[in-house]
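Asker: Here's a structure for you.
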């Protein structure tokens, strides 16, 4: 229950911090990132994709009776889904850059393309690191309790790639914006 309250509070604070949340809505970027997330979930779980919600709620409530093998399956499913979500964000950014380059002669069309690039990355980061990663951690904690082991943080190059990709997205967007004037 504490995890769910923390999740709601986190998203509530993000919405308050945005000021005008409707500015941050872009249906194309959301569709690209959500499609990649959904693809990651389906490819990682197969027929068990429909069990994702009920299993997650049982783990969050702390009353799941999953075996260590099942928990390992769900942890790897979360990892795959996170990676696909980040890939969806990068795809949206690349599509946005292409649209920006195509429309360099028309400054009015650069804004929507820039929104696609930046908001696609933003949506991917929010979904992957503020939603899926904490849920994955809950599964990892339960797996550690089941196996009487300690949790070791996963040092994946994906995190570094995400940070570097965000810096590159920002730099390219700024450069293209300057080039359009």
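Asker: Could you please give the count of residues in the stretch 56-75 that are free of Cβ contacts under 8 Å to residues at least 60 places away in the same chain and assigned to a helix (DSSP H, G or I)?
Answerer: Residues in the stretch 56-75 being free of Cβ contacts under 8 Å to residues at least 60 places away in the same chain and assigned to a helix (DSSP H, G or I): 5 in total.
One line per residue, one yes/no per condition, for (1) farther than 30 Å from residue 172 by Cβ; (2) within 15 Å of the chain's Cα centre (by Cα); (3) at pLDDT 90 or above:
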residue	(1), (2), (3)
23	no, no, no
36	no, yes, yes
47	yes, no, no
67	yes, no, no
73	yes, no, yes
76	yes, no, yes
92	no, yes, yes
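Asker: Could you list all residues from the stretch 85-101 that are crowded, with 24+ Cβ neighbours inside 10 Å and under 22 Å from residue 132 (Cβ atoms)?
Answerer: 85, 86, 88, 89, 92, 93
Asker: Something else about it: Within the stretch 142-167, which residues are surrounded by 15 or more Cβ atoms within 10 Å (Cβ to Cβ) and either more than 17 Å from the chain's Cα centre (by Cα) or modelled with pLDDT of 80 or more (or both)?
Answerer: If the condition is that a residue be surrounded by 15 or more Cβ atoms within 10 Å (Cβ to Cβ) and either more than 17 Å from the chain's Cα centre (by Cα) or modelled with pLDDT of 80 or more (or both), then 142, 143, 144, 146 are the ones that fit.
Asker: Within the stretch 35-48, can one find any residue that is touching a helix residue (DSSP H, G or I) at 6+ places or on another chain (Cβ under 9 Å), without any contact (Cβ under 8 Å) to a residue 60 or more places away in the chain and not in a helix (DSSP H, G or I)?
Answerer: No, every residue in the stretch 35-48 fails to be touching a helix residue (DSSP H, G or I) at 6+ places or on another chain (Cβ under 9 Å), without any contact (Cβ under 8 Å) to a residue 60 or more places away in the chain and not in a helix (DSSP H, G or I).
The values are calculated or read from the model by the stated rules, or taken from the named source; none is laboratory data. Quick caveat, the model's predicted, so the values are computed rather than measured. Counting neighbours? That spans all protein chains shown, and the Cβs are built from the backbone with ideal geometry, glycine included.
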